[in-house]
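Read through the structure below, which is laid out as structure tokens, and then see the notes.
The values are calculated or read from the model by the stated rules, or taken from the named source; none is laboratory data. All values derive from a computational prediction rather than experimental measurement. When we count neighbours, we look across all protein chains shown, and the Cβ atoms used for this are built from the backbone with ideal geometry, even at glycine. Keep in mind that these areas ignore ligands, DNA and RNA; they rest on the heavy atoms of the full protein, side chains included. Shrake-Rupley method; radii C 1.70, N 1.55, O 1.52, S 1.80 Å.
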Amino acid sequence: MDRISQLPDYIAHHILSFSNTLELVRASVLSKHWLDITASFPILEFSINSFTSRESFFSYVEYTMSLFYPQNVPAHKFKLNTTIEEPAELEIVNRCLELLFRNGVKVLVIDIDRSSESASASAGYRLPNILLSVSMLESLTVRGCELPSSLKLGIVKFKSLNYLELRDVRIDNEVIKYFTTSCPLLQTLQIVRCNGFNSFCVDGHQSLRNVLIFYSTRVERVDIEAPNLSTLYVIDRDGNGAPRMNLTSCKKLTTVSYIGHPLPNSNGFTDFLSNFPYVKSLFLATIYKCSNFKLSSNSLRKLVLHSNCDFEEIEFSTPNLVLFTHSRNSRLLFPTVAKRWPLVKNFTHSKACMQCYPDGCIDALWFQKLRLFLAKKSGLKVLNLYIHAAYSQKYTELEKLHAIELPPYELEHVVLQLESHEESLAHIAFVDAVLWCCRPRSLTLRSSFPFEEHSDVVKFAYEKLLQQEDPSHTKIRIEWPSSSRAQKHMMELKSLSMALPHEGETVSFIKEEAKGTPYLTF
């Protein structure tokens, strides 16, 4: 019995929203009833990559729109991803968009890929002027084509638009002005790799909350007056230099990210930050050599710095800072890298914390610089350190640290992440170096390998932590958060290897006051 066909259309449409293009095509040929349902389905997504031939793709687009338009209902979403290589294809796209815009659409994504062999045809495609009259449009994304010609006349009726994204679209300074003055409800504006403009100016926009500017040619000025602006991303990937900025009136602007060329003078970052007197979270990154880094802010609470600056070149006065992340790895510039750095994502400490992701070979000099930096930046209580095995070729040189007479820096907690399968001697050397640098009240070791294969690393960490204290007044409790064992036992150190859980990829050591002989609990 066909019970699905008895469902109301809006429920059938909800079910179809989980389907891809090919599944919708199959559903449309089941019966006349299902042809009607798919014809009135308000989510229209067309990608040429889902078809075996260009002819079948454009035929499907034209056929679907010929069924949808007579329904006289607006589309919730229309997405078109294609290239245009022939005049006939251009005519089909224009004809379908004209029909779509007459009925209206809420979410529109036009992605004209220029990577085809006949790139000139795609590059010359211009959106029809009727687009500017779709007053119900709430979200607009345009990539790889030209904006309607009547935009220059200021004819924009996007009274409901709250999201605008322009990618690989040639624009000028006036285009930004047209959109921001004609879209009173606009909340998010993204300009990505768009040539032709050299300034970004917004005057008195009440709804704007998020702005992203990704430029490949020089941008001289960013001047924004928007009382509700909360996040700003400025990305200069080709080293053109930071623009002059004026956002001091944006009192809700608390999150700022800048990726690009370092500022030229020694106080450049301090001057840069003066544009954002209310910022709480700041991300600064450059793939170029940065000789020094100076920063001062009373409002800043989280700072992420990606640069080639060594620790002795970093100076900042941030009395309210609770999280400082330092990295020298260029992969942090890409969003997908978030999956590779769990410590940033899982930050839960309430006390001032430093997270460090060093790149290249980590030697004794690096740990010495870290130790001096911790003393210089007093107030840090927690250290998260990520060490990848690929960067540990010189671990044997870490023994040189024992010749340097520096007391370990007092910390409440240290998290040491040791990645990939490396021999125990390397992991022991890094635990030794970290505990030369720091004297924590607790230590957590994380690894991609199970600790039962390297129980000597756990034993070494236990013994080293105990050496930092008075054994007659200190005991060390060992915890395996992933262990399924609910009971706690006491045992001698020699029995530790028998107690290691098979799922143990995290182990924590907690120093506690005690009298008598030190012992382990787990």
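If we keep just the residues of the range 244-253 that are touching a strand residue (DSSP E or B) at 6+ places or on another chain (Cβ under 8 Å) and open to solvent by 10 Å² or more (accessible area, probe 1.4 Å), which is farthest from residue 280 (Cα to Cα)?
Once the filter is applied, the top-ranked residue is 244.
State whether the residues of the range 327-348 include one that is touching a strand residue (DSSP E or B) at 6+ places or on another chain (Cβ under 9 Å), at pLDDT 85 or above and buried (at least 17 other Cβ atoms within 10 Å of the Cβ).
Yes, the range 327-348 contains a residue that is touching a strand residue (DSSP E or B) at 6+ places or on another chain (Cβ under 9 Å), at pLDDT 85 or above and buried (at least 17 other Cβ atoms within 10 Å of the Cβ).
Would you say residue 281 is modelled with pLDDT of 85 or more and open to solvent by less than 20 Å² (accessible area, probe 1.4 Å)?
No: the conditions fail for residue 281.
Has the range 161-170 got at least one residue that is aliphatic (A, V, I, L, M), at pLDDT below 95, surrounded by fewer than 20 Cβ atoms within 10 Å (Cβ to Cβ) and out of contact with any Ser or Thr (no Cβ under 8 Å at 6 or more places or on another chain)?
No: zero hits.
Can you name the condition, by its number, that residue 37 falls short on among (1) of a type in the set (A, V, I, L, M); (2) surrounded by fewer than 17 Cβ atoms within 10 Å (Cβ to Cβ); (3) at pLDDT below 65?
(2)
Matching residues to (1) modelled with pLDDT of 90 or more; (2) part of a helix (DSSP H, G or I); (3) touching a strand residue (DSSP E or B) at 6+ places or on another chain (Cβ under 8 Å); (4) not acidic (Asp, Glu):
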site: 412; (1), (2), (3), (4): yes, no, yes, no
site: 428; (1), (2), (3), (4): no, yes, no, yes
site: 465; (1), (2), (3), (4): yes, yes, yes, yes
site: 471; (1), (2), (3), (4): no, no, no, yes
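Every residue in the range 198-215 that is buried (at least 20 other Cβ atoms within 10 Å of the Cβ) and more than 19 Å from residue 146 (Cβ to Cβ), please.
200, 202, 205, 208, 211, 213
Yes/no per residue for (1) open to solvent by 10 Å² or more (accessible area, probe 1.4 Å); (2) among the polar types (S, T, N, Q); (3) outside any helix (DSSP H, G or I); (4) closer than 20 Å to residue 134 by Cβ:
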residue: 155; (1), (2), (3), (4): yes, no, yes, yes
residue: 196; (1), (2), (3), (4): yes, no, yes, no
residue: 217; (1), (2), (3), (4): yes, yes, yes, no
residue: 223; (1), (2), (3), (4): yes, no, yes, no
residue: 228; (1), (2), (3), (4): yes, yes, yes, no
residue: 233; (1), (2), (3), (4): yes, no, yes, no
residue: 240; (1), (2), (3), (4): yes, yes, yes, no
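Any chance you could count how many residues in the range 354-382 are part of a loop (DSSP other than H, G, I, E, B) and of a type outside the set (A, V, I, L, M, F, W, C)?
Qualifying residue count, the range 354-382: 8.
Looking at residue 368 and the list (1) modelled with pLDDT of 90 or more; (2) among the polar types (S, T, N, Q); (3) over 30 Å from residue 301 (Cβ atoms), which single condition is not satisfied?
So the condition that residue 368 fails would be (3).
What number of residues within the range 433-442 are touching a helix residue (DSSP H, G or I) at 6+ places or on another chain (Cβ under 7 Å) and either more than 19 Å from residue 402 (Cβ to Cβ) or surrounded by fewer than 19 Cβ atoms within 10 Å (Cβ to Cβ) (or both)?
Of the residues in the range 433-442, 0 are touching a helix residue (DSSP H, G or I) at 6+ places or on another chain (Cβ under 7 Å) and either more than 19 Å from residue 402 (Cβ to Cβ) or surrounded by fewer than 19 Cβ atoms within 10 Å (Cβ to Cβ) (or both).
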